[in-house]
Each structure stands twice: as structure tokens, then as C-alpha cells.
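Have a look at the structure below before the remarks.
The values are calculated or read from the model by the stated rules, or taken from the named source; none is laboratory data. Predicted model, so just to flag it, every value in this text is computed and none were measured. In this analysis, Cβ positions are derived from the backbone assuming ideal geometry, glycine residues included, and neighbour counts consider all displayed protein chains. Accessible surface areas use protein heavy atoms only, side chains included; no ligands, DNA or RNA. Shrake-Rupley method; radii C 1.70, N 1.55, O 1.52, S 1.80 Å.
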There are 2 protein chains.
Amino acid sequence: MSTVEEQFLARAIALATQNVYDGGGPFGALIVTPDGRAFEGANRVTANNDPTAHAEVMAIRNACSSLGTFDLTGCTLYTSCEPCPLCLAAALWARVDSISFAADRHDAAKAGFDDAVFYEFFEAPVAERSMQVRQMELPDSASAEPFRAWADLPDRIDY
Amino acid sequence: MSTVEEQFLARAIALATQNVYDGGGPFGALIVTPDGRAFEGANRVTANNDPTAHAEVMAIRNACSSLGTFDLTGCTLYTSCEPCPLCLAAALWARVDSISFAADRHDAAKAGFDDAVFYEFFEAPVAERSMQVRQMELPDSASAEPFRAWADLPDRIDY
């Protein structure tokens with residue numbers, strides 16, 4: 001006898017396994033609304049030529065598109081594997097309430113995926129990072145221009 | 001007289017400003033290939049009901065879709081504002097070489113965006129986090145099932 005949460009997580013795992021046979025990566029996820037509606041996603045990175053098409057991102061996009069919103073407040077994200085930094089940040093921006101996962105970043109690493117490596121990137125000193133991320137100084141404080149336009153817009157939609 | 005890099009960054013800023021008037025957030029970005037082709041993106045979170053439609057993610061998707069690849073090795077990402085954790089992780093997964101940005105996370109915070117807050121989320125102790133992220137123990141090591149299917153797949157495409 002399993003709980004509702006275990007059933008949602010089992011569904012995420014079943015999606016992940018099926019997705020391997022459908023040409024995607026071994027990851028599946030669901031967004032579940034407070035009233036129990038579920039929106040599914042599976043990893044389509046190589047299938048869609050989209051490095052952001054992780055299972056959690058696909059589930060979030062599916063839920064938002066279906067519900068006509070960019071805000072998933074109150075929803076839970078169930079995922080077959082601990083969200084990588086991309087998916088964790090996507091969940092934060094989507095304002096989901098909580099995340100439940102099955103396998104973790106170390107299981108993903110054993111299967112050949114860089115989730116754990118990329119968490120370490122976030123924690124590494126800037127000088128030791130594998131990818132350079134640098135600020136360029138521009139003349140005339142040009143960098144502030146988009147934010148000035150945003151501040152001046154009377155009917156802007158905040159998020 | 002501006003460098004090529006400054007010109008790409010100026011283009012990202014121009015995209016960001018124009019995007020405000022086109023119903024999007026104040027962010028723009030470009031992926032530039034080693035041979036100088038540029039693929040643009042702008043923030044469409046509220047316009048597309050997609051919380052992952054950040055400028056950098058849109059530029060990466062655009063470049064990958066146009067080039068027919070999920071791997072942007074050798075490319076540079078230019079963005080009007082420091083990439084948030086979502087966009088930084090997207091750039092890592094896309095394997096871009098480097099990122100150059102204009103405004104930073106603190107400028108974004110002043111304009112009302114949570115980029116800096118979400119960076120702090122990554123650094124916070126788990127117990128102090130605003131969103132719960134937890135592993136559930138499942139019976140029969142079901143969580144390893146998708147990775148077993150993946151390992152057994154003879155023609156899998158690694159990424």
C-alpha cells in the first residue's frame with residue numbers, strides 16, 4: 001500500500017524508464033496541482049536538440065502552458081532524480097511549493113550525467129571555474145537601459 | 001570605437017530594451033558561434049506562460065534548434081544581465097565556452113527580479129531554504145530503474 005506521494009513518484013520513474021525507449025534521457029517528472037491534476041514531462045535534450053529540455057523543465061512548461069499561467073504556486077514537483085541546478089532554478093522561478101525526488105545527483109553521476117559536477121560549479125571559487133563568466137564594463141552605463149525602460153512601463157507584468 | 005565583444009553585448013542590451021516594449025521582461029541575449037553567427041533570445045516568461053523562457057535559455061534553444069545540435073561547444077553567450085542560476089546551468093549543459101554580461105544580479109534585484117535571491121537559495125543550508133527539496137525512500141530500489149534501462153541501451157546518445 002503506497003501513499004499518494006509515492007504513487008506520483010512511481011509515475012515519474014515510469015515516465016523516465018519509458019523515455020529511455022522513446023529516445024530520451026532517463027528522467028521523468030510531474031507537476032501536481034493542489035487539486036490533484038498532474039502534468040508530465042520527460043527528458044528530450046537529444047531528441048529535441050534542446051539542452052534545457054530536462055524532465056522537470058518539460059513538466060513545468062507543460063503545466064504552465066496547459067493552465068495558462070507562469071506561476072505554479074501551491075504545486076508540487078515530483079521527479080525521478082534530484083533536480084540539477086537548471087531544474088531547481090526553474091522550480092524556484094515557477095514558484096512551486098516543494099520538490100520530491102527518488103534517485104539523487106550521485107546516482108545520476110554514476111549513470112554518466114553532470115548534475116553533481118554542475119552543483120560543484122556553483123560552489124567553486126570564480127577563478128577555479130571550468131567556464132568563464134565575466135562582467136564587461138560598458139560606456140555610459142548602457143547596461144541599465146533595459147531596467148530603465150522596465151521601470152517606466154506603466155502596465156508591466158511582474159514575475 | 002567598440003570591440004566585437006562590446007558590439008555583441010550592445011546588441012543583447014538593445015534586444016532587452018526592445019523586448020520591454022514587446023511585452024517581455026528586460027533581458028536579451030545572444031549565442032555567437034566560433035565563426036561569428038549570432039542567435040538571439042529575449043525574455044518571454046509572461047508572454048509565453050513559460051517561467052523558463054529567460055533570454056539566455058531562448059537564445060540557447062534558438063541556436064540549438066537552428067544548428068541542429070544540443071552541444072554549443074566553442075560558442076559564447078552574451079547577455080544583457082548576469083545569468084541567473086537557471087541560465088548559468090543552461091549554459092553549462094549547452095557546453096558554451098564562456099559568458100559575458102553587462103548588468104549584474106544586484107542591478108536585477110533593484111529592478112524587482114529574484115536572480116540574487118535564487119543564488120542565495122543555492123548557498124543556503126537545506127534547513128533554511130524557502131522551498132523544500134527532499135528525497136523519498138522507495139521500496140525495492142525502484143529509483144534506479146531508469147538508469148538501469150539507460151545503461152542497457154546499446155544505441156543511447158550521451159550528453
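How big is the Cα convex hull of segment B:12-63 in projection, averaged over all directions, in nm²?
With the hull built on Cα positions only, its mean projection is 3.2 nm².
What does the charge count near B:R95 come to, summing +1 for each Lys or Arg and -1 for each Asp or Glu among other residues with Cβ under 11 Å from its Cβ?
Details: positive: none; negative: A:D114, B:D71, B:D97.
Neighbour charge sum, excluding B:R95 itself: -3.
Relative contact order for chain A: what percent, with Cα pairs under 8 Å and sequence separation of 6 or more?
Here the relative contact order equals 16 percent.
Any chance you could get the radius of gyration and Dmax over the Cα atoms of the protein assembly as shown, in Å?
19.1, 71
Given axes a ≥ b ≥ c from the Cα gyration tensor, I'd like to know whether segment B:85-159 is rounded (a/c under 1.5), prolate (a/b larger than b/c) or oblate.
Oblate, because a/c is 1.5 or more while a/b does not exceed b/c.
Tell me the mean residue ellipticity at 222 nm calculated for chain B from its helices only (DSSP H runs of n ≥ 4, each -39500 (n - 2.57), averaged over every residue, nearest 500).
Numbers: 7 runs with 68 residues, N = 159.
Helices in chain B give a 222 nm mean residue ellipticity of -12500 deg cm²/dmol.
What number comes out for the charge environment of B:F113, summing +1 per Lys or Arg and -1 per Asp or Glu over other residues with Cβ under 10 Å away? Could the numbers behind the result be given before it?
Numbers: positive: B:R105, B:K110; negative: A:D158, B:D107, B:D114, B:D115.
Summing Lys/Arg as +1 and Asp/Glu as -1 gives -2.
Hull surface divided by four, with the convex hull built on the Cα atoms of segment B:1-136: how many nm²?
Convex hull of Cα atoms, orientation-averaged projection: 9.9 nm².
Which net charge results when you count Lys and Arg as +1 and Asp and Glu as -1 among the other residues whose beta-carbon is under 14 Å from that of A:V32?
For residues surrounding A:V32, the net value is -4.
Can you list, shortest first and in nm, the gaps between the label point of B:V126 and those of its counterparts in the other copies, using a point 7 Å from Cα in the C-beta direction?
3.0
Treating only the Cβ atoms of Lys and Arg (+1) and Asp and Glu (-1) as charged, compute the dipole magnitude of the protein assembly as shown about its Cα centre; round to the nearest 20 debye.
It works out to roughly 480 debye.
Given a 1.4 Å probe and no ligands, DNA or RNA in the count, how much accessible surface is buried by B and A, both sides, to the nearest 100 Å²?
Buried area (both sides, nearest 100 Å²): 7300 Å².
Note down the nm distance, to one decimal, between modelled labels 7 Å out along Cα→Cβ at A:Q135 and at B:Y21.
2.8
Looking at the square roots a ≥ b ≥ c of the eigenvalues of the Cα gyration tensor of segment A:49-103, which shape do they give, rounded for a/c under 1.5, prolate if a/b is larger than b/c, or oblate?
Verdict is oblate for segment A:49-103.
Based on DSSP H assignment, which helices of chain B show an axial Cα extent of at least 15 Å together with a mean Kyte-Doolittle hydropathy greater than or equal to 0.5? List each step's numbers first, then the result.
Working: long enough: B:4-21 (26 Å, 0.36); B:55-67 (18 Å, 0.71).
Correct list, ordered by number: B:55-67.
Assuming 0.36 nm per residue, please report the length gained on full extension of the stretch B:L153 to B:A47 beyond their Cα-Cα distance.
Separation in residues times 0.36 nm, less the Cα-Cα distance, equals 34.2 nm.
Kindly state, to the nearest 0.05, the FRET efficiency for B:A124 paired with B:T33, given R0 = 41 Å and r defined as their beta-carbon distance.
0.65
Which value, in debye to the nearest 20, gives the size of the charge dipole of segment A:50-120 about its Cα centre, when Lys and Arg are +1 and Asp and Glu are -1 at the Cβ?
Working: 4 positive and 10 negative charges, 36 e Å.
In debye, rounded to 20, segment A:50-120 gives about 180.
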